Amino acid sequence: MLELRLIQGSLLKKVLEAIKDLVTEANFDCSATGFSLQAMDSSHVALVALLLRSEGFDHYRCDRNLSMGINLNNMSKMLRCAGPEDIITIKGDDGTDTVTFMFESQKQDKISDFEMKLMDIDSEHLGIPDAEYQAIVRMPSAEFARICKDLGSIGDTVVISVTKEGVKFFTRGDVGSANIVCRQNTSVDKPEDSTVIEMNEPVSLTFALRYMNSFTKATTLSEVVTISLSSELPVVVEYKIAEMGYIRFYLAPKIED
Amino acid sequence: MTRQKSILSFFQKP
């Protein structure tokens, strides 16, 4: 028996919009810890890890660990039928091949049940080792999205370099090149507007902009994005989900041949 | 030329 009630149902809608283009099918895992997902894109270049902790739900009942194979596009279609203010409850049962999404309006005067078919998905959880990162950049998520969008119109790849001077985003394409530097900038009044760079040593890595631009669909979930970089490791682009958990996108670098 | 690495070359299957 599974029953997860989320007052701020819009969070779940935003989560789906953030990942559905990167990953088409995935297993959602439900345990005492929370509602989670780990999945790779079809090219095995990027990986998304989502956690919505049980404490963040208004009501969380999960009698035993359950894995639900879901087509994310179909789930997104159903969640789009929920109003922006609706409370969303996810209901499931062992041994059934469906999951139900219940949408309640704030005033409780409209209740909708959407039943969706589950699917069998073969997937293995990858072990993500703990890593010390050479540099961690925290910046406004909207600023990062803007940079990825702008550079994406010039080139296909971005070189992200962190030095004492700041974080540099560079691309080159047929029409020319572009270089954007963001310096550390702390805003006491609005910490979410700050750019903070923690650097143990300088690092420079190259990534496909197409994936970076896909990750920025999570911008609506958090005002701040954290980018963790180490040579020879996938970059981690993390959006915290207020008081509930996170979406982390891992992207393998491109390397010089 | 740059080559795209796979995520599987960093993270292990169980």
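We did not get these values from a lab; they are worked out from the coordinates using the rules stated. Quick caveat, the model's predicted, so the values are computed rather than measured. All Cβ positions, even for glycine, are placed from backbone atoms using ideal geometry, and neighbour counts span all protein chains on display.
Entry note: the protein assembly as shown has Rg to Rh equal to 0.99, where both radii use alpha-carbon atoms and Rh is the Kirkwood radius.
Can you work out the FRET efficiency for the pair B:Ser9 and A:Arg172, with r the C-beta to C-beta distance and R0 = 22 Å, to the nearest 0.05?
Details: r = 25 Å, r/R0 = 1.15.
It comes out at approximately 0.30.
Angle of helix A:10-19 to the longest C-alpha principal axis of chain A, folded into 0 to 90 degrees and rounded to 10: 50°.
In plain terms, the bigger the Kirkwood radius, the slower the diffusion; for the range A:82-147, with that radius from Cα pairs, at 20 °C and 1.002 mPa s, Stokes-Einstein puts D at 129 µm²/s. Of the GluC sites (Glu not before Pro) found in the range A:78-178, those in coil by DSSP whose Cβ has at most 11 other Cβ atoms within 10 Å are A:Glu124, A:Glu132.
The spacing between the range A:202-239 and the range A:44-64, judged by their C-alpha centroids, is 21 Å. Kindly state, to the nearest 0.05, the FRET efficiency for A:Glu192 paired with B:Met1, given R0 = 30 Å and r defined as their beta-carbon distance. Once the sixth-power term is evaluated, E becomes 0.15.
Over its Cα atoms, what ratio of radius of gyration to 2.2 N^0.38 Å does the range A:40-122 give?
Working: Rg = 14.4 Å, N = 83, 2.2 N^0.38 = 11.8 Å.
Normalised Cα radius of gyration, the range A:40-122: 1.22.
When the Cα positions of A:Ile160, A:Gly176, A:Ala18 are compared along the charge dipole of chain A, A:Gly176 comes out farthest toward the positive end, with charges on each C-beta of Lys, Arg, Asp and Glu. Between A:Thr98 and A:Ile7, how high is the FRET efficiency from 1/(1 + (r/R0)^6) when r is the Cβ-Cβ distance and R₀ = 30 Å? Nearest 0.05. Efficiency computed from Cβ-Cβ geometry: 0.80.
Based only on Cα atoms, what mean projected area does the convex hull of the range A:106-257 have, in nm²?
On the way: hull surface 56.0 nm².
For the Cα atoms of the range A:106-257, the hull's average projected area reads 14.0 nm².
As a size descriptor, the averaged projected area of the C-alpha convex hull of the range A:218-257 was calculated at 3.1 nm².
Ratio of the range A:9-82's C-alpha Rg to 2.2 N^0.38 Å, to two decimals?
On the way: Rg = 12.4 Å, N = 74, 2.2 N^0.38 = 11.3 Å.
In units of the 2.2 N^0.38 Å rule of thumb, it is 1.10.
When the helices of chain A are scored as -39500 (n - 2.57) per DSSP H run of n ≥ 4 and the total is divided over every residue, the value at 222 nm lands at -4000 deg cm²/dmol. Bridgeable aspartates and glutamates around A:Lys110 (alpha carbons under 18 Å apart, same-chain partners fewer than 8 residues away excluded): A:Glu85, A:Asp86.
One equal scatterer on each Cα of the range A:185-257, no solvent, Debye formula: the resulting log10 I(q)/I(0) at q = 0.26 Å⁻¹ is -1.27. Volume per residue for the range A:1-155 equals 156 cubic angstrom (convex hull of Cα atoms). For the pair the range A:106-159 / the range A:172-201, the C-alpha centres are spaced 20 Å from each other. Exceedance of the 32 Å cut-off in Cα-Cα distance is limited, within the set A:Lys20/B:Lys13; A:Lys107/A:Lys190; A:Lys117/A:Lys254; A:Lys20/A:Lys107; A:Lys13/A:Lys164, to A:Lys107/A:Lys190; A:Lys117/A:Lys254; A:Lys13/A:Lys164.
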